[in-house]
Amino acid sequence: MKKLKFRNGDTMDAIGLGTWKSEKGKVTEAVKIALNNGYKHIDCAATYGNEAEVGEAFSEVFGKGDIKREDIWVTSKLWNNAHKKEDVIPALKQTLKDLQLDYLDLYLIHWPVAFKPEVSFPEKAEDFLSLEEVPLIETWNEMVKAKEQGLVKHIGVSNFSIEKLQDLMEDTDHTPEMNQVELHPYLQQNKLLEFCSKNEINVTAYSPLGSGDRPDEMKAADEPSLLENPTITKIAEKHGASPGQILIKWSEQRGTAVIPKSTNEKRIKENIMSAGFQLDNDDMKEIAELDYHFRYVNGKFFEMEGNSYSNIYDD
Ligand code: A2P
């Protein structure tokens, strides 16, 4: 299994278990299966609404003692309604309580967008706070404090464009250590990867399999399937692997972390077995040609007329 290295020498397994869309009734078992089958990296977020159920798995597995907390990497994310200075550390503490942990390995600002504290998901422009009201640096400085207090070992961001990263880096000496973004063969993010690599920012790929179980209202009518893409299925046949394993391996080979979500025992096990084979140059070249800038999770939704968000992405 490849590992990503952080600036202080800490390492994180490249393949982790994603928990976005994992149902409350299934996620405890899924995390237990993952931890008992070699996963050492679990990706969570407050807004997924299932951290308490993930926490039950941690409590049970770490309580037994065969697997130690310090050998597992746990990431979580600050939701957009807790960006105000006074809300960041309380939100983090709630996540720690839900996950039944006393520290996180990595904490991320989930989106470069702030909602009013009482809003879980915005429906109108008035549901947002503007960047003037809560500049990202205000939120980031609290993330730095959380690290200094030992509540988290590493801090970073998610869904940040190059421009957003640059803006933040101009205002702080604490460069984010991670940017977690949507990343797969239809959205290869080459420029962002290059920028992050130059600045020692690790990258995690979310929705690596095409995020098939999102609610219907989030899906475009003409949405392409990644798992059924003919290039991917052809390469899968060549290696005697599944299409999912090809997509996971592709991310891992490009030096990013990758967090496929599954609550199915067979697929949880299959996904981590992706670490065991290599794609060759021809495979990588063919997959490189699939890029056409398609997003399954389009943050442009947050750009509402009348709020201050107009440039979520670089292009
Ligand atoms: P399930 O949880 O039933 O396994 P993403 O990580 O891109 O959001 O994709 C998650 C979706 O892909 C879920 O619907 C998940 O369903 C499914 N999935 C996870 N692993 C595989 C796999 N190896 N092959 C096919 N589908 C998979």
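Read-outs: derived from the displayed coordinates by stated rules, not from any lab. This structure is a prediction, so every number in the text was calculated from the model and none was measured. All Cβ positions, glycine included, derive from the backbone under ideal geometry; neighbour counts span all protein chains shown.
Things worth noting here:
- Computed about its Cα centre, the charge dipole of region 86-203 is approximately 420 debye, with only Lys, Arg, Asp and Glu carrying charge at their Cβ.
- Each peptide in 281-294, 130-143, 19-32 gets a packing score, the mean of other Cβ atoms within 10 Å over its residues, and the list from highest to lowest is 19-32, 130-143, 281-294.
- Applying 1/(1 + (r/R0)^6) with R0 = 35 Å to the Cβ-Cβ distance of ASP314 and GLU123 gives a FRET efficiency near 0.85.
- Residue-wise HN-Hα couplings along region 267-272, as the Karplus relation 6.51 cos²θ - 1.76 cosθ + 1.60 with θ = phi - 60° gives them from phi, are 6, 4, 5, 4, 5, 6 Hz; Gly and Pro carry x.
- Potential lengthening between LEU227 and ALA288 on full extension [0.36 nm per residue; Cα-Cα distance subtracted]: 20.4 nm
- At R0 = 35 Å, FRET efficiency that the Cβ-Cβ distance of GLN166 and LYS64 yields, to 0.05: 0.15
- Vicinal HN-Hα couplings computed from phi for region 278-293 (Karplus, 6.51 cos²θ - 1.76 cosθ + 1.60; Hz; Gly/Pro x): 10, 8, 8, 4, 4, 4, 5, 5, 5, 5, 4, 6, 7, 5, 9, 6
- Packing-based order for 62-75, 258-271, using average beta carbon neighbours within 10 Å, highest first: 258-271, 62-75
- In a reduced charge model with +1 at each Lys and Arg Cβ and -1 at each Asp and Glu Cβ, the chain shows a dipole moment near 1060 debye about its Cα centre.
- When the Cα convex hull of region 10-296 is projected onto planes of every orientation, the mean area is 15.1 nm².
- DSSP bridge orientation in the chain - percent antiparallel, rounded to nearest 5: 20 percent
- Using θ = phi - 60° in the Karplus curve 6.51 cos²θ - 1.76 cosθ + 1.60, the 3J(HN,Hα) couplings for region 20-33 round to 5, 6, 6, 5, 3, x, 10, 6, 4, 4, 4, 5, 5, 4 Hz; x is entered for Gly and Pro.
- Proximal charge balance of LEU108 [Cβ under 15 Å; K/R count +1, D/E count -1]: -2
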